[in-house]
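One structure is given here, and the rest of the page talks about it.
The values are calculated or read from the model by the stated rules, or taken from the named source; none is laboratory data. Keep in mind that this is a model prediction, so the values were computed, not measured. Cβ coordinates were reconstructed from backbone atoms using ideal geometry, including for glycine residues, and neighbour counts include every protein chain displayed. Remember, those area values only see protein heavy atoms, side chains included, never the ligands or the DNA or RNA. Shrake-Rupley method; radii C 1.70, N 1.55, O 1.52, S 1.80 Å.
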Amino acid sequence: YYYAEESDDGFETARLIVKSAHNIDTRNAISVASGYGDLWVLQYETPGEAKSAYSYYNGRPGIQFVEPDKKVQLCSASEDKLSTAAVNFDNISWGTANSGMLTLKYELKPNLDSYKTVSIAVVDTGVNANHEYLEGRVEPTKINTSPSGTRNSSDDDNGHGTQVASVIADATLSNIIIKPYKVLDKHGTGTFASVAAGILMYAVAEDR
């Protein structure tokens, strides 16, 4: 659903992600985050400083990898499309019927009470847990690694994550619960670090 932007040769955030099991020379980074999986996230004052530090780390002994923290952007989508959908129908997304999920739902539904509850992580712009179509299907989290929205809230301020969650709800039975992790901002933009943090530090960690 999202892709890396290639503008400004990838250094537009002036931030690097470095993996090293040892302490590193942070090369005058103005902000340093470390302590998870031997990763170091280094913020520099300018893209030029980040690019210079990249050249320093690249191929250096003890550095497993270094890469710029590139921006990512999702394909545009709006919650308005979902809001105008006929939510009283059996399914609202064409893929549910065309993929056979609608038939599968009908076959599985008689045994619904015997199924375990399964959580699905939606790592996106967040999810509007109060949307009428998602009633009872969302377990909000307090994870927001993006710069927009409400701190410590997975609420959606873009609409894309809510649309994704609704396709999942449309294709599954009520034992499937959606857990949103907001890693993209109101414009559908994030970075490698914001997405990775949502997946590795929160979604995966909470599933263990």
Taking the chain, the equivalent ellipsoid from its C-alpha gyration tensor has semi-axes in Å, biggest first, of 39, 18, 14
On a 0 to 90° scale, report how tilted helix 160-171 is relative to the longest principal axis of the chain, with both axes built from alpha carbons and the result rounded to the nearest 10. 40
Long-range HN-HN contacts of T191 with modeled amide H, under 5 Å: V72
Highest-fluctuation residue, E12, E45, E67 considered, GNM on the chain with Cα pairs under 10 Å: E45
Along the dipole axis of the stretch 117-208 (charges at Cβ: +1 for Lys and Arg, -1 for Asp and Glu; origin at the Cα centre), the most positive-end residue among A205, T125, S146 is A205
Name the long-range amide H neighbours of S154: under 5 Å, sequence gap of 5 or more, or other chain; modelled H, no Pro or chain starts. T141, I143
Just list whichever of K19/K71; K105/K186; K51/K142; K116/K182; K105/K179; K71/K179 have alpha carbons separated by over 29 Å in the model shown. K105/K186; K51/K142
Residue with peak Gaussian network fluctuation, the chain [Cα springs, cutoff 10 Å], from Y57, Y133, Y115: Y115
Dipole size in debye (nearest 20) for the chain around its Cα centre, Lys and Arg Cβ +1, Asp and Glu Cβ -1? 480
In a Gaussian network model over the chain where Cα atoms closer than 10 Å are linked, find which of H160, H22, H131 has the largest mean-square fluctuation. H22
State in Å² the accessible area per residue of the chain; use a 1.4 Å probe, count heavy atoms of protein chains only, and round to the nearest integer. 56
For the stretch 11-62, with equal point scatterers placed on the C-alpha atoms only and solvent neglected, what are the log10 I(q)/I(0) values from the Debye formula at q = 0.24, 0.31, 0.32 1/Å, to two decimals? -0.88, -1.34, -1.38
If one takes the longest principal axis of the Cα atoms in the chain, at what angle in degrees, from 0 to 90 and to the nearest 10, does the Cα axis of helix 47-57 lie? 80
Length released on extending from S148 to W94, taking residue separation times 0.36 nm less the Cα-Cα span: 16.3 nm
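What is the stretch 88-208's relative contact order, in percent, from Cα pairs under 8 angstrom and six or more apart in sequence? Spell out each step's value before the answer.
Details: 218 pairs, mean separation 38.6, N = 121.
32 percent.
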Could you work out the local net charge near Y57, counting Lys and Arg as +1, Asp and Glu as -1, over the other residues with Cβ closer than 14 Å to its Cβ? 0
Using +1 at the Cβ of each Lys and Arg and -1 at the Cβ of each Asp and Glu in the chain, identify which of L108, V66, W94 lies farthest towards the dipole's positive end. V66
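What's the carbon and sulfur percent of the chain's accessible surface, probe 1.4 angstrom, rounded to a whole number?
Working: 5750 of 11570 Å².
With neighbouring chains kept in place, the figure for the chain is 50 percent.
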Using a 7 Å offset from the Cα along the Cα-to-Cβ direction at both T46 and E67, what is the distance between the two label points in nm, to one decimal? 2.7
Within the chain, helix-based [θ] at 222 nm, where runs of 4 or more DSSP H residues each add -39,500 (n - 2.57), nearest 500: -6000 deg cm²/dmol
